[in-house]
Each structure stands twice: as structure tokens, then as C-alpha cells.
1. Within a 10 angstrom radius of the beta carbon, how do Lys86, Lys172 rank from fewest other beta carbons to most?
2. Which whole-Hz couplings ³J(HN,Hα) result when phi for each residue of region 198-204 is put into the Karplus expression 6.51 cos²θ - 1.76 cosθ + 1.60, θ = phi - 60°, listed in order with x for Gly and Pro?
3. Which order results if Ser50, Ser61 are arranged by neighbouring Cβ count within 10 Å, fewest first?
4. Please order Tyr184, Tyr56, Tyr28, Tyr241 by the number of other Cβ within 10 Å, starting at the fewest.
5. Can you tell me the FRET efficiency between Val195 and Ile246 if r is taken as the Cβ-Cβ distance and R0 is 35 Å, rounded to the nearest 0.05?
6. Which part of region 178-209 falls in the paramagnetic zone of Gln64, meaning amide N under 14 Å from the point 7 Å along Cα-to-beta-carbon?
7. Between Lys115 and Lys235, what is 0.36 nm times their sequence separation minus the Cα-Cα distance? Round to one decimal in nm.
8. Express in nm, to one decimal, how much length is gained between His226 and Asn159 on full extension, taking 0.36 nm for each residue of separation and deducting their alpha carbon distance.
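Taken together, the values in this text are just the output of simple stated rules run on the coordinates, not laboratory data. A quick note: this is a predicted structure, and the numbers were derived from the prediction, not measured. Positions of Cβ are generated from backbone atoms using ideal geometry, with glycine treated the same way; all protein chains shown enter the neighbour counts.
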Amino acid sequence: MGKFTEAIRKAAEKRIERVEKKEEAKPYVVRTVSDSKIDPHVLAYFDPTSPIAEQYRILRSNIQSINKAAPPKVLAITSAIHGEGKTITSINLAITFARDLNKESVLLVDADLRKGRLAKALGLAPHNGLADILNEGAKTEDLLLNIGIENLHILPSGNRPANPAELLGSAKMRNFVSEVRKQYDYVFFDCPPVVPVADAGVVAHLCDGALMVLQAGRTQKGIILHAQDRLHTSKVKILGYCLSHIEYHIPEYIYRYL
Ligand SMILES: Nc1ncnc2c1ncn2[C@@H]1O[C@H](COP(=O)(O)OP(=O)(O)OP(=O)(O)O)[C@@H](O)[C@H]1O
Ligand SMILES: [Mg+2]
């Protein structure tokens, strides 16, 4: 068989493989919420040409370059302590991935079942979510939300349960993760902080790795090292670190390279 014929045969096989892969998972039907008032810190949404939105594009390409052949698809976003910027980073990152030219499908899940603030940061009214899937057996496709970005689905944390760590460590959670892994190109879990509770380690263990958000000028080295130890003990791969709350001292008209 000539080289040309061989190349056509391989391309045809690849296409069939792709079609079969898509057919494995039936697409979810999603509710669109038009009343969202997104946190102004979500610059990937409000100002995609800003230097900060560009930093999220750099972060996206760093994540995709970790392993070119098989980039991490299911990521946990966490930090050592509370309030370091996990939720805002998760939203910016999910939007940046969804706005990639390849139009890959993205799911953003609020896995902070104790204090989940994802829906609030998106300006949404409280909705049922992950806790209700794990607790009550609600169906994923009934709870997904869309904020107007076609290929980005949102799953809030839902009603606060009495036993978050147990729910996140349950077989139902493992099934949920493998289900959404098949459905989406990328899945981001916005997690609680590592030091005060066990939840992030439990969730991140089911993911391809964790991204740690560090608040510049606040979180001390000892606390970060402690959080790293906790994640390593839970057999979590730390994919990288993302600094938040950085202040730019260069005037934007110089920094903005357009
Ligand atoms: N990169 C950033 N620069 C400046 N402010 C930020 C940044 N990221 C988040 N913030 C602000 O910091 C506060 C905490 O952010 P966020 O809710 O994302 O933190 P978190 O780590 O998810 O908190 P928690 O541990 O409570 O879940 C919010 O008021 C948010 O608007
Ligand atoms: Mg949060």
C-alpha cells in the first residue's frame, strides 16, 4: 500500500474512533440562567484582553503542556487556607478553557460542600448541586447550569450536608467523577482549603492532579509546606501553583500588549 493510501486509511480510522468516542456519552441538557451577576474579579469574562486574562491563558497553556500527549483533564483547585482565591481562579480558568478556539466542553463543579461560594461568585441564586447528587441521588443532568457560555456547564455545591467528607469519599462520588470524565474535555473542581479539612485531598485524589492557589503576601511558607505534605499523604499529584492577589505596579497602558 502506498504512503498516501496508508495516510488516508489512518485518517479514516481516527475519524471513526472519534465518532465512536463521542457516542459513548449522551450529551447533557443544561438550564441557562440569564440573571447572573458575576464577581468583577472574573476578568476572563469581563475583560478577556486584559493582562490578567492573559495570565489565565498562560496558565491554560502551562496546564496543557504538562503532558502534551495526555494533558490533565480533571483538576482540583485548592489552597492551603481559606480565602486565597480558589473560587475566582476556578471560574477564570474554566472560562478561559471554554473560550479556547477548540471549543472544548468544560464543567466547573463546586466541591466545597461546607461553604460553597461558586454560585454566589457567579451571582446565581442558590441551586441544588453536587451534595444532592451524592446524598439524594439527584441526576447530574438535571442540575447543570449555563451562564451564557455555550460549552461551559456549572454544577453548584447544593444543599449543605451533615457529612461532606464522607460524601466526597463515597463510591457515588467516584462514579460521578468517572461519569463527568467521559462527558467533558475538562472538569474543574473548586475545593475547600487543605489545612482545615480533609475534603480537598479526597477530591483531588480522584482527579488528575491539583492546582494550588497561593495568596501573595499572606500565606506563610510553613503553612504551604504543611498543605503540600497533606496532599502528598493523600496521594495527590500537585500540578502547579498559581499566585493570586498580585498587585501590578506597571501602568496598564505599558503592560497591555495589544
Ligand atoms: N486574584 C485575585 N486578586 C484579588 N482579589 C481576589 C483574587 N482572587 C480572589 N479575590 C478576592 O478574594 C476573596 C476570596 O476569593 P475566593 O472566594 O475566590 O477565595 P477562596 O479561596 O475560594 O475562599 P474560600 O476558602 O472561602 O472558599 C474574594 O473577595 C475575591 O473577590
Ligand atoms: Mg471558595
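1. Lys172, Lys86
2. Values per residue, Gly and Pro as x: 7, 3, 4, x, 5, 5, 5 Hz.
3. Sorted ascending by nearby Cβ count, the order is Ser61, Ser50.
4. Going from sparsest to densest Cβ surroundings: Tyr241, Tyr28, Tyr184, Tyr56.
5. 0.95
6. Zone members listed by number: 185-186.
7. 40.8 nm
8. 21.1 nm
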